[in-house]
């Protein structure tokens, strides 16, 4: 059973949140709930896919209670975030609350 907590220290967590906020502010298009977590869809602008892949790789190291999958589709670049066990699903769904801004979260 994986620990359902991020392992980053306070400073690293603040820095990581700032990177996510910067990416979301110019590229986040849509957030969907999935059976196991969330799917975030970003515009396919220059640099977005690379930044999203790098952030997902970093998150795999500190938030091992979830899977982080990046894929390109017709809408842009998507991050599929899923809890690896049932107890992790609420944490996964809560992780990106601050990024939602005025976006409506849609069921998928």
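The values are calculated or read from the model by the stated rules, or taken from the named source; none is laboratory data. Given the structure is predicted, the values throughout are model-derived calculations rather than measurements. Counting neighbours? That spans all protein chains shown, and the Cβs are built from the backbone with ideal geometry, glycine included.
Select, from 18, 24, the only residue that is surrounded by fewer than 18 Cβ atoms within 10 Å (Cβ to Cβ), at pLDDT 90 or above and farther than 16 Å from residue 84 by Cβ.
18 is the lone residue from the list that is surrounded by fewer than 18 Cβ atoms within 10 Å (Cβ to Cβ), at pLDDT 90 or above and farther than 16 Å from residue 84 by Cβ.
Residues to consider are 80, 32, 59; find the one that is crowded, with 18+ Cβ neighbours inside 10 Å, in contact with a strand residue (DSSP E or B) (Cβ under 6 Å, 6 or more places away or on another chain) and not in a helix (DSSP H, G or I).
Of 80, 32, 59, the one residue that is crowded, with 18+ Cβ neighbours inside 10 Å, in contact with a strand residue (DSSP E or B) (Cβ under 6 Å, 6 or more places away or on another chain) and not in a helix (DSSP H, G or I) is 80.
Can you pull out every residue in the stretch 68-108 that is within 21 Å of residue 18 (Cα to Cα) and at pLDDT 95 or above?
Those that are within 21 Å of residue 18 (Cα to Cα) and at pLDDT 95 or above: 68, 69, 70, 77, 78, 79, 80, 81.
Which one of 49, 64 is under 25 Å from residue 14 (Cβ atoms), surrounded by 15 or more Cβ atoms within 10 Å (Cβ to Cβ) and touching a residue at least 60 places away in the same chain (Cβ under 8 Å)?
Only one candidate passes the filter, namely 64.
Which residues, counting only those in the stretch 83-94, are surrounded by fewer than 20 Cβ atoms within 10 Å (Cβ to Cβ) and either touching a strand residue (DSSP E or B) at 6+ places or on another chain (Cβ under 7 Å) or in contact (Cβ under 8 Å) with a residue 12 or more places away in the chain (or both)?
Answer for the stretch 83-94, where residues must be surrounded by fewer than 20 Cβ atoms within 10 Å (Cβ to Cβ) and either touching a strand residue (DSSP E or B) at 6+ places or on another chain (Cβ under 7 Å) or in contact (Cβ under 8 Å) with a residue 12 or more places away in the chain (or both): 84, 85, 87, 91, 93.
Please work out which one of (1) in contact with a helix residue (DSSP H, G or I) (Cβ under 9 Å, 6 or more places away or on another chain); (2) under 17 Å from residue 5 (Cβ atoms) is the condition residue 85 fails and give its number.
The one condition residue 85 does not meet is (1).
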